[in-house]
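Notes follow the structure.
The values are calculated or read from the model by the stated rules, or taken from the named source; none is laboratory data. From a predicted model like this one, the values you see are computed outputs, not experimental measurements. Neighbour counts run over all protein chains shown; Cβ positions are idealised from the backbone, glycine included. Please note that ligands, DNA and RNA were not included when accessible areas were found on the heavy atoms of the full protein model with its side chains. Shrake-Rupley method; radii C 1.70, N 1.55, O 1.52, S 1.80 Å.
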Amino acid sequence: MSDDFSTNDPFTPDFICRTRIGDIINGFASVCELYSVVLDINGQILVEPTGPKTYLGEFYEIIKNPKYNGMYFDIVNCIVDSKQSMYSEIEDGNPESRLSAAPIFLNGRFYATWLLYAQNKEQAERLFKAFDKQADMAKNLSEVLTDLHNGSIMNVEEASMRNQLHFERQSKNVMEEILRVVAAGDKTNVTALYDRVGRLLDLDYMVYYEFDDERPGFMKLVNYWAKDGKSEEAVKGFAWNSDHFDLSMQEMIREQGLVIDKMNMTNRMRVEIFRGKTRAIMVFPLYINGTYRGRMIFIESTKERIWTKQEIGFAKEATEMLARDLTIEERLRNRAESQRSIVGLFDGVPVPVVVRNVETGKILFVNSVLKKKIGRDITGEDSSILVPPVLQEFEGYGVKGSANHNNIEYKRFIDLLGGNYDIKETFIKWGREGEISVLVINKES
């Protein structure tokens, strides 16, 4: 017997079939040679009508005939008020017919009615004798079903808790691994780990869109993951080149994200917004260097689903981690561009220029003029081979400094250049290198 019962609507035909309630009830009716049926509170059949073949068709017609709906609802109201079984005549045009009704409860709540019907005097006598036993059996069935149902709820909840714990452990492992490779700057491993994110969430697609600065209101696809691999067909399954969300949704995405699933998906959303391609979706904003730049979209297009709190939290974390990765990447790119522009500027100066790390003394850059004069590139070497660091306390001994010591000027004999030179050294902050100094070296005037 399966334990997987529905906790929302336990008395369904499927539930009745799996718990074999119908077999027990029909067996009782067969022994008594009476007609039997089980109806839910609305009069829908839960256990199909059964009984002697002679009048089974007529009994089925009584059950299905809307004419008797009022009578059934009167019986239901009587049972609900008294919580007791009842035995009575039935106005079906047959003076010898009788009917008994026994309620079936779940945790004290009325869910179904077991009806026994007698068509003739002989059956009516058997029904009268069987009535008390029917009532007792209905009570026993109510207790058994309550225990089964409550036990199944506990089993379902326990299984759910185990699944949640397993998901949380897996998601934590994935996020820790993503954090590690993001910190290391390994783009290949980041891509592989996002495959793990998509599969852990059991998605069809995971998509990264950025706003198109050249076309307001349009998005451009930056990257995506697809369950079955990247392909033109995959892109057709999710691609939207315009901002298809309405204004309220756009604002919600910007502020906190948008989560849509079976619980709140409307037909209008499905047709007008998602074009019939999406069953459930999560959309979270991507902020890069503090600027709202795009969206991370998690798409389920195969089946109906309801996102769990754990899945929503994990998707948010994955989005934030992607934003960190992109922020680091952009900062490194900006720094590299800045360094290239500075290098280009210094390389165009017609006199020797050298850049060194103030703390370590390591030479970071040598312009082409200095390389030509020396005959080699000394980048990476200790700057003392060219110009030893000049301490600020030597100011006044041929060393002139600015008020804040950002600039100093002094003369120095430089062995590698074979002469005396006027040196202007400027101290600045430069990214990861910390404080650097730029030395402009001119032939002594």
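Which residue is most open to solvent (accessible area, probe 1.4 Å), if the candidates are limited to segment 116-130 and must be in contact (Cβ under 8 Å) with a residue 40 or more places away in the chain and farther than 15 Å from Ile90 by Cα?
Looking at residues that are in contact (Cβ under 8 Å) with a residue 40 or more places away in the chain and farther than 15 Å from Ile90 by Cα, I get Arg126.
Quick one: Arg295 ticks every box in (1) among the charged types (D, E, K, R); (2) over 15 Å from Glu320 (Cβ atoms); (3) open to solvent by less than 70 Å² (accessible area, probe 1.4 Å) except a single one, so which number is it?
(2)
Could you grab me the full set of residues in segment 57-66 that are over 14 Å from Leu99 (Cβ atoms) and either surrounded by 14 or more Cβ atoms within 10 Å (Cβ to Cβ) or of a type in the set (D, E, K, R) (or both)?
Tyr60, Glu61, Lys64
May I ask you to verify whether Arg199 is in contact with a Lys or Arg (Cβ under 9 Å, 6 or more places away or on another chain), in a helix (DSSP H, G or I) and either under 17 Å from Met321 (Cβ atoms) or of a type in the set (A, V, I, L, M) (or both)?
For Arg199, the condition - in contact with a Lys or Arg (Cβ under 9 Å, 6 or more places away or on another chain), in a helix (DSSP H, G or I) and either under 17 Å from Met321 (Cβ atoms) or of a type in the set (A, V, I, L, M) (or both) - is met.
Got a sec? Which of Thr50, Thr54, Thr113 is in contact with a strand residue (DSSP E or B) (Cβ under 6 Å, 6 or more places away or on another chain), at pLDDT 85 or above and open to solvent by 30 Å² or more (accessible area, probe 1.4 Å)?
One residue alone meets the criteria, Thr50.
Out of the residues in segment 279-298 meeting the condition of being part of a strand (DSSP E or B) and in contact with a Ser or Thr (Cβ under 6 Å, 6 or more places away or on another chain), tell me which one is modelled with the lowest pLDDT.
Ile288
Report, ordered by the first and then the second residue, all pairs with beta carbons closer than 8 Å, sequence separation of six or more or different chains, a first member in segment 381-399 that is on the phi > 0 side of the Ramachandran plot, and a second member that is at pLDDT 60 or above.
What qualifies is Gly398/Tyr410; Gly398/Lys411.
Examine segment 431-440 for a residue that is under 30 Å from Ile288 (Cα atoms), in contact with a strand residue (DSSP E or B) (Cβ under 8 Å, 6 or more places away or on another chain) and modelled with pLDDT under 80, and state whether such a residue exists.
yes
Please name all residue pairs, on different chains or six or more residues apart, with Cβ atoms under 6 Å, provided the first residue is in segment 77-93 and is within 21 Å of Lys64 (Cα to Cα) and open to solvent by 50 Å² or more (accessible area, probe 1.4 Å) and the second residue is modelled with pLDDT of 85 or more and in a helix (DSSP H, G or I).
Every condition considered, the pairs that remain are Tyr87/Phe131.
Of (1) within 20 Å of Ala135 (Cα to Cα); (2) under 51 Å from the mean Cα position of the chain (by Cα); (3) not hydroxyl-bearing (Ser, Thr, Tyr), Leu116 satisfies all except one. Which?
Status for Leu116: all satisfied but (2).
Return a yes/no flag: does segment 326-337 have any residue that is at pLDDT 75 or above and surrounded by 16 or more Cβ atoms within 10 Å (Cβ to Cβ).
Yes, segment 326-337 contains a residue that is at pLDDT 75 or above and surrounded by 16 or more Cβ atoms within 10 Å (Cβ to Cβ).
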